[in-house]
Amino acid sequence: MENDNVIFEGQCPYTITDNNFRLTFDKTALNHSAARQTCEKDTGHVINIDIKERNEAALKLASLNYYNVEGMRKVESRPFYDDFGRRIQDQPIFTWASGEPNNGTSMFLKVKGSQYYDTTASDTLYVVCEIRQ
């Protein structure tokens, strides 16, 4: 008998959450590029915190750690965008942490709890990866 999880066979580090998100938390400190590569090797991508439920699921995995999230900008002092071309700052749950953004040259984002921080390409953080259906 087959079940819905067959498509994720071989991707064992992923947990199916209560809301059916497929997430994994990598406790290796990685820069943003390495984080993307780590997620992509298992056909996933760096998590995009676009709704409250996805943030809550990621928090359960990452606890109170800082971690890489989807969101970058190509030009300094311009908005951050996700991989779908949407402005991260326009997402309903987006909240800058106090004093952020504070680095005009930062091109990437990180999260702790539900607060966003700007960060550099070389900053090493944990990563939450996801597979979206």
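The values are calculated or read from the model by the stated rules, or taken from the named source; none is laboratory data. None of these values were measured; they are calculated from a predicted model. We place every Cβ from the backbone using ideal geometry, glycine too, and count neighbours over all the protein chains shown.
Do the conditions hold for ASP82, that is, is it among the acidic types (Asp, Glu) and in contact with a helix residue (DSSP H, G or I) (Cβ under 7 Å, 6 or more places away or on another chain)?
When the stated conditions are applied, ASP82 passes them.
Given the conditions (1) touching a Gly at 6+ places or on another chain (Cβ under 9 Å); (2) outside any strand (DSSP E or B); (3) of a type outside the set (A, V, I, L, M), report the number of the one that ASP118 does not fulfil.
Every condition holds for ASP118 apart from (2).
Restricting attention to segment 121-133, and to residues there that are within 15 Å of the chain's Cα centre (by Cα) and modelled with pLDDT under 90, which single residue is surrounded by the most Cβ atoms within 10 Å (Cβ to Cβ)?
By that ranking, first place goes to ALA121.
Can you name the number of the only condition in (1) touching a residue at least 60 places away in the same chain (Cβ under 8 Å); (2) part of a loop (DSSP other than H, G, I, E, B) that LEU23 fails?
Status for LEU23: all satisfied but (2).
Quick check on segment 78-86. Is at least one of its residues among the basic types (Lys, Arg), more than 17 Å from PHE21 (Cα to Cα), out of contact with any Gly (no Cβ under 7 Å at 6 or more places or on another chain) and part of a helix (DSSP H, G or I)? Lay out the reasoning, then the answer.
Residues of segment 78-86 among the basic types (Lys, Arg): 78, 86.
Of the ones still in play, those that are also more than 17 Å from PHE21 (Cα to Cα) are 78, 86.
Imposing the further condition that a residue be out of contact with any Gly (no Cβ under 7 Å at 6 or more places or on another chain) reduces the set to 78, 86.
Applying the additional criterion that residues be part of a helix (DSSP H, G or I) yields none.
There is no residue in segment 78-86 that is among the basic types (Lys, Arg), more than 17 Å from PHE21 (Cα to Cα), out of contact with any Gly (no Cβ under 7 Å at 6 or more places or on another chain) and part of a helix (DSSP H, G or I).
Looking at segment 18-55, which of its residues are acidic (Asp, Glu), more than 21 Å from TYR81 (Cα to Cα) and surrounded by 15 or more Cβ atoms within 10 Å (Cβ to Cβ)?
Those that are acidic (Asp, Glu), more than 21 Å from TYR81 (Cα to Cα) and surrounded by 15 or more Cβ atoms within 10 Å (Cβ to Cβ): ASP26, ASP42.
Does segment 56-74 include one or more residues that are within 20 Å of SER122 (Cα to Cα) and loosely packed, with under 14 Cβ neighbours inside 10 Å?
Restricting attention to segment 56-74, the residues satisfying the condition of being within 20 Å of SER122 (Cα to Cα) are 65-74.
When the remaining residues are screened for being loosely packed, with under 14 Cβ neighbours inside 10 Å, the result is 74.
Yes: one or more hits.
Name the residue that is modelled with the highest pLDDT, counting only residues in segment 79-117 that are farther than 25 Å from LYS60 by Cβ and buried (at least 18 other Cβ atoms within 10 Å of the Cβ).
Selected residue: MET107.
Inside segment 87-100, can you point out the residues that are in a loop (DSSP other than H, G, I, E, B) and not aliphatic (A, V, I, L, M)?
Result: GLN91, PRO92, PHE94, THR95, SER98, GLY99, GLU100.
If you scan segment 36-72, which residues turn out to be in contact with a strand residue (DSSP E or B) (Cβ under 8 Å, 6 or more places away or on another chain), modelled with pLDDT of 90 or more and in a loop (DSSP other than H, G, I, E, B)?
GLY44, ILE47, ASN48, ILE49, TYR66
Report, by residue number, each residue of segment 20-42 that is under 13 Å from the mean Cα position of the chain (by Cα) and among the β-branched types (Val, Ile, Thr).
THR24, THR38
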